[in-house]
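Structure, as structure tokens:
FYI, it's all coordinate maths here, none of it is from the lab. Only a predicted model underlies this, so the values are computations on that prediction, with no experimental measurement involved. We place every Cβ from the backbone using ideal geometry, glycine too, and count neighbours over all the protein chains shown.
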Amino acid sequence: MVGRERRKQDGEAHAATLRAGLGQEQLAALRTLEEFKWTLRFVRRPMFLTPMPVVFSPDGARFIVLEADGGINENPGFQLRPQ
């Protein structure tokens, strides 16, 4: 089991898992962004708060957070670790 990444899923299952629990407004905004090649990479799920989908630009240099009302937040108040 050493060296095996257990958190990875296949692409479709991973996408469905990420979308689970998102509101209709968030899903609509996400579909629009995906038309412009933005990618949903992960969803922050803070306790007692709505999920925060984190979407990356096509080049991976920028990220945004989709608010509960479907709005875009370019300055969400947190930073990401470098990959």
Query raised in the report: Per-residue ellipticity at 222 nm for the chain, helices alone: DSSP H runs ≥ 4 residues times -39500 (n - 2.57), over residue total, nearest 500 deg cm²/dmol?
Result: -7500 deg cm²/dmol
Query raised in the report: Over the chain, what lengths in whole Å, largest first, do the semi-axes of the equivalent ellipsoid take, defined as the square roots of 5 times the eigenvalues of the alpha-carbon gyration tensor?
Result: 21, 15, 15
Query raised in the report: Helix 24-35 versus the longest principal axis of the chain: what angle, 0 to 90°, nearest 10, using Cα atoms?
Result: 70
Query raised in the report: Among GLY21, GLY70, GLY60, which one moves the most in a GNM of the chain with springs linking Cα atoms closer than 10 Å?
Result: GLY60
Query raised in the report: What spacing in nm lies between the two simple spin-label points modelled at ALA61 and ASN73, each 7 Å away from Cα in the Cβ direction?
Result: 2.5
Query - Ranked list, fewest to most other Cβ atoms within 10 Å of each Cβ, for PHE78, PHE42, PHE48, PHE56 - result: PHE48, PHE78, PHE42, PHE56
